[in-house]
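Undergrad: Okay, handing you the structure first.
The values are calculated or read from the model by the stated rules, or taken from the named source; none is laboratory data. The model shown is predicted, which means the values in this text are computed figures rather than measured ones. Cβ coordinates were reconstructed from backbone atoms using ideal geometry, including for glycine residues, and neighbour counts include every protein chain displayed. Each accessible area value is taken on the protein alone, full model and side chains, heavy atoms only, with ligands, DNA and RNA left out. Shrake-Rupley method; radii C 1.70, N 1.55, O 1.52, S 1.80 Å.
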Amino acid sequence: MVAINADVITSPAPRVGLGHRHPLALYVTRRVLAGAVAVFIASILIFIAVLILPGDVASIVLGRSATPDRVAAIEAQLSGGKPAWERYFSFLGHLLSGDLGYSTSGLVSGQKVPVSDVLSSAFGHSSVLAVIALVLFIPIMVGLGLVSGLRAGTAQDTVVSVASLAVSALPEFLVGTVLIEVLFDRLGWLPPISTLQPGESAWSNPKGLVMPVLTLLLVGLAFGSRQLRASVAEIVSQDYVAIARINGYSESRIVLRYVLPNALPPTVQIVAQQIQYLVAGIIVVESVFNFPGVGRALVQAISLHDTQEVLVIATLLAALYVAINIVADVICVLLDPRVRTTL
């Protein structure tokens, strides 16, 4: 008779942790927590940067009527006599509760202008630019990347690579200036600035959207097409593609069955990087074309030393930047089984 160990029967089964049962959920949780910490640190750095900006909002808004006593009184009223750390946590608490506060420059001039009112139209206008640029960017980038990657070393690849390298070496403001010179000064096709009346939709001036979108698109394609080209060229050089060609597979079947599925994760990363670029690049582009979006609002807020608007806009942009990165990483994990096995 076989002896039975009672300890084996009575001992509880080992617990399976969340990481073993739901590795993807644990990965997402870690990424979200890390993103929250990153945004928290970024908000502190933004707050410090605003504090050390030269000048003050009272002197800028009051202009010639600013006196030392009046400026000091307004600054004391704005700060409420609280130390910097207390003002920061007050700002953060209100932001997390959805209260964006009032424009600092508006308070100095005796008006209560909610920052949410300032940003609602600005974010709406910027989102129009970003969506148009992104909708055009994805198919063009995929087409250029596939053509260059599948025909690496050919004339088509050389043209695309040289053109993208040349454009990527130029900053946004220079690309925008060149477009103004060509499309406005020389050809007279498009207006040099994208002005909108208060309350107007960005769609009310479609011609004014062309050059800002074209600037964002050209700079984005210069980076995106080169990255996708490198990914496609690497996939095409793999052994399984060579075996498929030896077996007589057509190029279209190879692209659909092998190249596109393997190029999808890097494509998602490239699109995410493009969206992140739009968050930063749109600030410069809107300033060049005087487009009333969030970028120009941020530049104006900095010039006025409007601390509340600068803090809110910069922190929200930082949070958006981090959120895009998290979403892209999660999508890549879902698309690539090789990455999922490492979780």
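Undergrad: Can you list residues from other chains, or at least 5 along the same chain, whose modelled amide H is less than 5 Å from the amide H of TYR102?
TA: The answer is VAL115.
Undergrad: Probe radius 1.4 Å, ligands and nucleic acids ignored: give me the carbon and sulfur share of the accessible area of the stretch 113-233 as a rounded percent.
TA: Working: 4200 of 5910 Å².
Heavy-atom surface of the stretch 113-233 belonging to carbon and sulfur, 1.4 Å probe: 71 percent.
Undergrad: Please report the accessible area of VAL236 (heavy atoms, 1.4 Å probe, ligands and nucleic acids excluded) in Å², nearest 10.
TA: About 20 Å², ignoring ligands and nucleic acids.
Undergrad: State the Kirkwood hydrodynamic radius of the stretch 118-243 in Å, one decimal place, computed from all pairs of distinct Cα atoms.
TA: For the stretch 118-243, the Kirkwood estimate is 16.4 Å.
Undergrad: Please work out the average accessible area per residue across the stretch 274-337, using the 1.4 Å probe convention, and give it in Å².
TA: Working: 2160 Å² over 64 residues.
Result: 34 Å² per residue.
Undergrad: Ok, one more. Can you tell me the order of 161-167, 174-180 when each peptide is scored by its average per-residue count of other Cβ atoms within 10 angstrom, highest first?
TA: Going from most to least packed, we get 174-180, 161-167.
Undergrad: Taking 0.36 nm per intervening residue step and subtracting the Cα-Cα distance, what contour gain separates LEU92 from SER252 on full extension?
TA: Length gained, LEU92 through SER252: 52.3 nm.
Undergrad: Could I ask something else about it? Solvent-accessible area per residue for the stretch 97-160 at a 1.4 Å probe radius, Å²?
TA: I get 47 Å² per residue for this part.
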